[in-house]
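Contents: one structure, followed by commentary.
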Amino acid sequence: MGAVGLSVMFEQLNFANFYSADTTERGRFCQDLVSSLRSKGFVRLINHGIPSKDIDKAFDTESYDIGYENDTLYTNIWPPADVHDAFQPTFTSFFASAYNAEVAILQALSIGLELPPQTLPQLHTERANELRLTHYPAVSRKEFSHSTRIASHTDFGTITLLFQDCVGGLQMEFPRGSGKFVDVESGGPHECILNVGDCLEKWTGLPSARHRVHLPERLQCDDDQKGDFMVDERFSIAYFAKPDRAASLRPLLEGLGHSEEEVYMTAGEFQRMRISQTY
Ligand SMILES: O=C(O)CCC(=O)C(=O)O
Ligand SMILES: [Fe+2]
């Protein structure tokens, strides 16, 4: 585990270009978004539309799991206002701006894939999304020789918008299928790390990115070289954008091997299957 892995650059794209009045620039942005995700499954976005102050407030909270406030299937349980009175307004606002960012990204992806712009947004009207705040306590570096912060997995929704603090440790499998992991460097807590989930892979063939949270590469070294030390606590915010539960996972693009006769799972069935495999 001492070996430092390959250094891989994950492209950083400026989402403001999606709103450019110049249609050529807008089109180029959509193509760049698709090609970055096609080659790595991950891309870093700035100017994604989620206000920095909302991200800062969310990072002030320890850990929680939140869904859309009008979801009738899974209702939110909020801490009482006298315990944490800013909690509900903070996350209601975060959830709303994250949904707007999600819809814009889905539109950009549809355009970049040469589909009608509303193809992906119209499969996400229910806001069956989830926001997860995670606090990883400080831990001794030696623990990473037999354990990790989050084991390798793919996300099972459409896309994930992730915000990580500067501790780092988010790693993705690269090259795909190799079992080797490389750091996704943090550009700071306001940068959005966008990754492809399983549903988007089924629809479009873009690769669902396998990732984990582990010891950042810069802290890896041979045991006798540096001895042991504590690795800082870490905070992250993950917004999982998921399809409407009744949406079919039938491929949206030609050439992904779909047949007219085949019966495809709905997104809701797929989520339930993946949850039962995980827990
Ligand atoms: O905490 C992170 O940076 C990643 C979390 C993650 O991958 C997940 O919850 O699915
Ligand atoms: Fe994940």
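Overview of values
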read-out: Flag for Leu162 being within 16 Å of ligand 1 (Cβ to nearest atom), in contact with a helix residue (DSSP H, G or I) (Cβ under 9 Å, 6 or more places away or on another chain), part of a strand (DSSP E or B) and touching a residue at least 60 places away in the same chain (Cβ under 8 Å); value: no
read-out: So Arg274, is it within 16 Å of ligand 2 (Cβ to nearest atom), assigned to a helix (DSSP H, G or I), touching a residue at least 24 places away in the same chain (Cβ under 8 Å) and open to solvent by 30 Å² or more (accessible area, probe 1.4 Å); value: yes
read-out: Residue identified as crowded, with 23+ Cβ neighbours inside 10 Å, away from ligand 2 (no atom under 12 Å from the Cβ), under 15 Å from the mean Cα position of the chain (by Cα) and in contact (Cβ under 8 Å) with a residue 24 or more places away in the chain among Gly157, Gly169; value: Gly169
read-out: Members of the range 144-159 found to be more than 16 Å from Met172 (Cα to Cα) and not in a loop (DSSP other than H, G, I, E, B), listed by number; value: Phe144, Ser145
read-out: Unmet requirement for Arg127, which otherwise passes all of (1) open to solvent by 40 Å² or more (accessible area, probe 1.4 Å); (2) within 11 Å of ligand 1 (Cβ to nearest atom); value: (2)
read-out: Subset of the range 173-205 (residues that are among the hydrophobic types (A, V, I, L, M, F, W, C) and surrounded by fewer than 22 Cβ atoms within 10 Å (Cβ to Cβ)); value: Phe181, Val182
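The values are calculated or read from the model by the stated rules, or taken from the named source; none is laboratory data. Owing to the predicted nature of the structure, the values given are computational and were not obtained by experimental measurement. Note that each Cβ is placed from the backbone with ideal geometry, even for glycine, and that neighbours are counted across all protein chains shown. Ligands, DNA and RNA are excluded from the accessible area calculation, which covers all protein heavy atoms including side chains. Shrake-Rupley method; radii C 1.70, N 1.55, O 1.52, S 1.80 Å.
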